[in-house]
Every structure is written in structure tokens, then in C-alpha cells.
Amino acid sequence: MKVARFHAPGDIRLEEVPEPVAHSGEVKIRVRNCSTCGTDVKIYRFGHHHIRPPRVMGHEIAGEIVEVGEGVTGWSPGDRVQVIAAIPCGRCEECRRGHLTVCPNQESMGYHYDGGFAQYMVVPAKVLAVDGLNRIPDGVGFAEASLAEPLACVLNGQELARVGEGDDVVVVGSGPIGCLHVRLARSRGAARVFLADLNAERLAMAAALVGPDAAICSGETDLVDEVLKLTGGRGADVVITAAASGAAQQQALQMAARQGRISFFGGLPKDDPVIACDSNLVHYRELTIVGANGSSPAHNARALRLIADGAVPVADLITHRLGLDEVMDAIDVVARGAAIKVTIEP
Ligand SMILES: [Zn+2]
Ligand SMILES: [Zn+2]
């Protein structure tokens, strides 16, 4: 079968390898869609300390079961499935307390295990053990189902930031994650959702799709001023930074309303993770700052439901569909910010 494997930074190869076999506790799937995200670009450029090459990349996975290993019950060939990306151990103290997204033993598809940039893939027993394989509801295509994973992460972020009825929400970063944040915030009853990006072109493309109440190009206007103007000086109830930007995180503190919640959804570069924080803003305005680290298996199942119910449509966010031999083009398009969502159809 054909796979796209990471060998070293700057070195992803299309290769022919033997098809994997489903051993005890595993299932084998025919991958139908594996979508790409900014993380794939990061891995391509810098590698990752959890990846020991060669490794098949790809972690936003949907496909069809073709083989069921010994001891696996409830699944059969032909079942359409979506696979989680982050695999909690299910046994540690955090997992036992229900904090699955911060399991210290977390492993990931495409990092510790071969991922979805392949014609076939084995779903590890550890995924099945934590209910990490989801049946794709009727009416939901494989490409849409592959977006359940990023939507699950967005759902985790908005739960932690308590996005809800009547909130004014600012989303900074208009990539696929920013678009999903806009749509999810609306489905959770937000009053108004503003979308901001430094890149005017990307912002226009995203705004045309998800229709925010205002699109703010932070490269052209002062984002904090603009948000204060839009909210009558109050600020936003929730600010979500869906960009690897310390400056955006600092601005988030400035434009949050009293009792506002701030989600540092996107992480910062490892070599530059420190920001300035006016602690008195947090103190007197009773701000809440929350992080977000991936998603749990339950978030994935609920994300799939949100897609199926039409609460969070995703089909129109998929702007590019490419074959496995075009993986490098896909990574290039994502790196240039020239697409919303790029999916690989192996
Ligand atoms: Zn991703
Ligand atoms: Zn754990």
C-alpha cells in the first residue's frame, strides 16, 4: 500500500509498504479521509520529540473497517468510523478523575502510532480501550467525519471557557480552527462573534464562509480598540486566541469584559512561551484564563453528533481534496494559509 512517511524535518516520503494486519484487540481500516492541519506543517518543518521515524503522519482520520482483530466485539467490516487523535491511558490519576485531555501518559495517532496518510491503518487496541473509535452517523461523509477531531478540540476549549448564551465572543485567528470556533460559539448561543486575523486575505476567505458579526483585520486596525468600540467599551465576554501569538494573548487580556473568559487555545512556540500579563486586570476584572490541550474521546463523539445534527456544519470548510501523492502540496497549501481545510483522500 501507499503511505506518506515522515523521515526527518523537511523529508516526507511517499512509499510503498506492506499492508498492516489487525492483531488482537485492534481493527484495520481503509482510510477514506485524513485531513491536514497546522500541526502537520510543524512536524514537517521541525519534527516532533514523540515521533521516532519513519512514521506515517496524519491524525484527523475517518475510514471503513476492513478487518477486526481477535477479541474485538461490537465492530465489523464495513463499519464507517472516525478515530480519536489523542489517546489517554485511561488508568492514571488524571484519567480516573475524568481529566482525560491532560493525561500525562497521552499518546497520539501519527506520533506514537502510524497515522492516516496511508491507504490502510491499524487502530491500536489502546484507542478501542478508551472508546476512541466512533461510528459515523448516516448522512455524514468521511471528509466531514475527519473534521470531528479538530472540532472536538474546539469543543473542549469552549467548554473550559464556558462559551454560552448571550456572550460576545472574539476569535483571533481565522484558520480552520478559528472557523470552527465561530460556528461552535453560534451553536452555543453566543450573541455576537467577531473574527480577527493579521492576514487580510485569509480573513476575507474565512469570513465569507462563516459570516462573523464583524471581521477585524488586526494588521490594519488596532484589534483592542475595535473590539471595545464594537462592544460599547465593555469588551468581549470570551476571547479565544486560535493563533500561536503571544501578542494576541496579551491583547486578549486587554479586550476581555469584566468576568470575561480567555482561552489560550493555540500554544506558543516552545522557545518563546512567556507573555506579559497585567495581573491586576485579572484580579479586579475577575478574568478567567484557561488553556486547552486537545480533546477526549467523549469530545470526539459529541463533535461527530454536532456535525450530524447540522449544529456545526463543516462540509463547506473543506476547500481542498487531494490524493495521497499530493501530501506535499497539501502541506504547502496549509503552510501558506491559502486554504481553510485540506483533506487527503488516500
Ligand atoms: Zn489536527
Ligand atoms: Zn491517563
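The values are calculated or read from the model by the stated rules, or taken from the named source; none is laboratory data. Bear in mind the structure is a predicted one, so any value in this text is a computation, not a measurement. Note that each Cβ is placed from the backbone with ideal geometry, even for glycine, and that neighbours are counted across all protein chains shown. The protein model used for the area step is the full one, side chains on, heavy atoms only, and it has no ligands, DNA or RNA in it. Shrake-Rupley method; radii C 1.70, N 1.55, O 1.52, S 1.80 Å.
Under a 5 Å amide H cut-off, with hydrogens placed 1.01 Å from N, S108 pairs with I87, Y113 among residues at least 5 apart or on other chains. Model label sites at A335 and T288, defined 7 Å from Cα along the beta-carbon direction, differ in position by 3.9 nm.
As an exercise, find the ratio Rg/Rh for region 200-346 from alpha-carbon atoms, using the Kirkwood inverse-distance average for Rh.
Using only Cα positions, Rg/Rh for region 200-346 is 1.00.
In the chain, a dipole from Cβ-located charges (positive for Lys and Arg, negative for Asp and Glu) runs towards its positive end, and of S296, L147, A4 it is S296 whose Cα lies farthest in that direction.
Within the listed set T36, T319, T288, the Gaussian network model of the chain (springs between alpha-carbon atoms below 10 Å) gives the highest mean-square fluctuation for T319. Quick note on region 148-284: its Rg to Rh ratio, both from C-alpha atoms and Rh being the Kirkwood radius, is 0.93. With the full set of protein chains in place, find how many percent of the accessible area of region 104-206 is carbon and sulfur; take the probe as 1.4 Å. It is 49 percent, rounded to a whole number. Normalised by 2.2 N^0.38 Å, with N the number of residues, the alpha-carbon radius of gyration of the chain equals 0.98. For region 155-215, the alpha carbon convex hull comes to 64 Å³ per residue, rounded to a whole number. Simple spin-label estimate for A200 and A8 gives 4.2 nm between the two label positions (7 Å along the Cα-to-Cβ direction from each Cα). Angle of helix 297-309 to the longest C-alpha principal axis of the chain, folded into 0 to 90 degrees and rounded to 10: 80°.
Along each principal axis, taking the top coordinate minus the bottom one, the Cα set of region 1-113 gives 40, 35, 21 Å in descending order. By the rule of a C-alpha distance below 24 Å, with chain neighbours fewer than 8 residues away ignored, the lysines paired with K42 are K2, K270, K341.
Placing dummy labels 7 Å off each Cα toward the beta-carbon, the span from H50 to C277 is 2.3 nm. In order along region 128-138, the Karplus-derived 3J(HN,Hα) couplings, from 6.51 cos²θ - 1.76 cosθ + 1.60 at θ = phi - 60°, round to 5, 5, 10, 6, x, 10, 10, 6, 7, x, 4 Hz, and Gly and Pro are given as x.
Given a Förster distance of 22 angstrom, what is the FRET efficiency for A191 paired with R258, based on the Cβ-Cβ distance and rounded to 0.05? So, using R0 = 22 Å, E works out to roughly 0.85.
Using θ = phi - 60° and the Karplus curve 6.51 cos²θ - 1.76 cosθ + 1.60, what whole-Hz ³J(HN,Hα) does each residue of region 155-163 get, with Gly and Pro shown as x? Listing the rounded values in order: 4, 4, x, 6, 5, 5, 8, 6, 5 Hz.
Contact order for region 1-133, expressed relative to its length and based on alpha carbon pairs under 8 Å spaced 6+ residues apart, stands at 32 percent. The helix-only estimate of mean residue ellipticity at 222 nm for the chain, built from DSSP H runs of length n ≥ 4 each weighted as -39500 (n - 2.57), is -8500 deg cm²/dmol after division by the residue total. Once you reduce region 262-286 and region 38-65 to the center of their Cα atoms, the two points are 28 Å from each other. Basic side chains Lys and Arg get +1 at the Cβ, acidic Asp and Glu get -1 at the Cβ, and with that the dipole of the chain about its Cα centre reaches some 540 debye.
Remark: region 7-14, residue by residue, has Karplus-estimated 3J(HN,Hα) of 10, 6, x, x, 10, 10, 10, 7 Hz, where x stands for each Gly or Pro and the curve is 6.51 cos²θ - 1.76 cosθ + 1.60 at θ = phi - 60°. With contacts taken as Cα pairs under 8 Å and at least 6 residues apart, the chain reaches a relative contact order of 19 percent.
In debye, nearest 20, what is the charge dipole magnitude of region 258-346 about its Cα centre with +1 on Lys and Arg Cβ and -1 on Asp and Glu Cβ, if you could check?
Numbers: 9 positive and 11 negative charges, 106 e Å.
Approximately 500 debye in magnitude.
Find, to one decimal place in angstroms, the Kirkwood hydrodynamic radius of region 245-308, where the mean of 1/r is taken over every pair of different Cα atoms and then inverted.
Across region 245-308, the inverse of the average 1/r is 13.6 Å.
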